[in-house]
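The values are calculated or read from the model by the stated rules, or taken from the named source; none is laboratory data. Everything numeric here is computed off the predicted structure, so don't read it as measured data. Here Cβ is always computed from backbone atoms with ideal geometry, including for glycine, and neighbour counts include all displayed protein chains. The protein model used for the area step is the full one, side chains on, heavy atoms only, and it has no ligands, DNA or RNA in it. Shrake-Rupley method; radii C 1.70, N 1.55, O 1.52, S 1.80 Å.
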Amino acid sequence: MLNIDLHCHSTISDGLLTPTRLVDRAAKRGVKTLALTDHDDVAGLDEARLAADAQNITFINGVEISVSWRGRVLHIIGLDIDPEYTPLKEGLAAIRTGRSQRAENIASELEKIGIMGSLEGAYTYVGERRLIGRTHFARFLVEQGHAKDLKTVFKKYLVKGKPGYAPHEWAALSDAVSWICGSGGRAVIAHPARYKLGKNVLDDLLHEFRTLGGTGIEVITGSHTADQVQDFAQHARDMNFLVSCGSDFHGPGESFYDLGQLPDLPAGCIPVWHDWKIVA
Ligand code: AMP
Ligand code: MN
Ligand code: MN
Ligand code: MN
């Protein structure tokens, strides 16, 4: 079976390893084809590609774009993108500028409940200041003893309805898909079960996504239970979506799947890489 991982993060966004160390870890763990998909940024791709070449790994340019859709946040993965495509570059830059203001808003929300210094604290966990995000706050809050791990900290503080949440308007779905597809890439809905959409809303999303040019669904991901894997594999087969798989690895000890540890795709699904020239 092909060892392929099409979703992971480096220090360019909220991962713990530099692009080079991430690729080296993937190589040690037997990954043969890897996409780096940092949040809203493509700045790690050149370094990762160099490291991948040295390790004989087929490297795929990727990105994970934050999208606001009907009052929810969705993540759309772009695979095999051209990072130099101007609308993509400019679109990602525009999303990133909102992150520092949002970080200040998160910090003031946390101050209201007596947690001081979280902005500076979160920034100590950031590789690139422009990509400050909730994971960096989460690491600070765990360090300060407000929760035992990242999962708990998100439940208690950083999600809608909790005291450390600040709303933010990300890219439009239509823009994210058009930047990805316009650059020659494939657009894939990341970890779809995470959005907890009811049947009708999910149906709307899948149809709208396809009409916009989206072609893939991430079926294998650390965010999905075995049942959710089967469920989304069925959606993919029913609607002729390609399927993708990725660990969503952020760092040792932080993610459900490590690099190169993924189960096989469910039967009857067409992989998003079916027509790529990749190392088996
Ligand atoms: P942001 O883009 O700043 O809103 O941060 C989103 C990131 O937070 C995701 O990519 C995950 O890395 C992390 N995250 C979100 N929810 C959780 C959770 N329940 N447990 C652990 N990490 C999470
Ligand atoms: Mn993340
Ligand atoms: Mn995501
Ligand atoms: Mn991710």
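Screening Leu259 against (1) surrounded by fewer than 23 Cβ atoms within 10 Å (Cβ to Cβ); (2) outside the structural domain of Ala26 (by TED's automatic domain parsing); (3) in contact (Cβ under 8 Å) with a residue 24 or more places away in the chain leaves a single unmet condition, (1). Within the range 1-21, count every residue that is crowded, with 19+ Cβ neighbours inside 10 Å and either modelled with pLDDT under 95 or closer than 18 Å to Ile81 by Cβ (or both). The total comes to 10.
Summed over the range 8-28, the residues that are β-branched (Val, Ile, Thr) and assigned to a loop (DSSP other than H, G, I, E, B) give a count of 3. Looking only at the range 56-64, decide whether some residue is more than 22 Å from Leu2 (Cα to Cα) and outside the structural domain of Arg129 (by TED's automatic domain parsing). Yes, the range 56-64 contains at least one residue that is more than 22 Å from Leu2 (Cα to Cα) and outside the structural domain of Arg129 (by TED's automatic domain parsing). Residues in the range 225-232 include none that are within 14 Å of ligand 1 (Cβ to nearest atom), farther than 20 Å from Phe59 by Cβ, open to solvent by 10 Å² or more (accessible area, probe 1.4 Å) and among the small types (Gly, Ala, Ser). Being in contact with a strand residue (DSSP E or B) (Cβ under 9 Å, 6 or more places away or on another chain), open to solvent by 20 Å² or more (accessible area, probe 1.4 Å) and assigned to a loop (DSSP other than H, G, I, E, B) holds for only one residue in Val31, Val42, and it is Val42.
Identify all residues within the range 208-253 that are within 16 Å of ligand 4 (Cβ to nearest atom), under 13 Å from His191 (Cα atoms) and of a type in the set (Gly, Ala, Ser); write none if there are none. Selection gives Gly216, Gly222, Ser223, Ser244, Gly246, Ser247. Each residue in the range 69-90 was checked for being more than 13 Å from Glu169 (Cα to Cα) and more than 16 Å from ligand 2 (Cβ to nearest atom), and 12 pass. Against the test of being within 16 Å of ligand 3 (Cβ to nearest atom) and touching an Asp or Glu at 6+ places or on another chain (Cβ under 6 Å), the options Leu92, Leu74, Leu158 yield a single qualifying residue, Leu92.
For the range 69-87, the tally of residues that are closer than 18 Å to Thr221 by Cβ and either open to solvent by less than 10 Å² (accessible area, probe 1.4 Å) or under 14 Å from the mean Cα position of the chain (by Cα) (or both) stands at 7. Taking the range 29-68 as the range and being of a type in the set (D, E, K, R) and either under 11 Å from the mean Cα position of the chain (by Cα) or within 16 Å of ligand 1 (Cβ to nearest atom) (or both) as the test, the residues that pass are Asp38, Asp40, Asp41, Glu64. A count restricted to the range 83-138 and to residues that are assigned to a loop (DSSP other than H, G, I, E, B) and either out of contact with any strand residue (DSSP E or B) (no Cβ under 7 Å at 6 or more places or on another chain) or of a type in the set (A, V, I, L, M) (or both) stands at 13. Among the helices (runs of 4 or more DSSP H) confined to the range 139-227, the ones with at least 2 residues that are among the acidic types (Asp, Glu) and assigned by TED's automatic domain parsing to the domain that holds Ile77 are located at 199-212.
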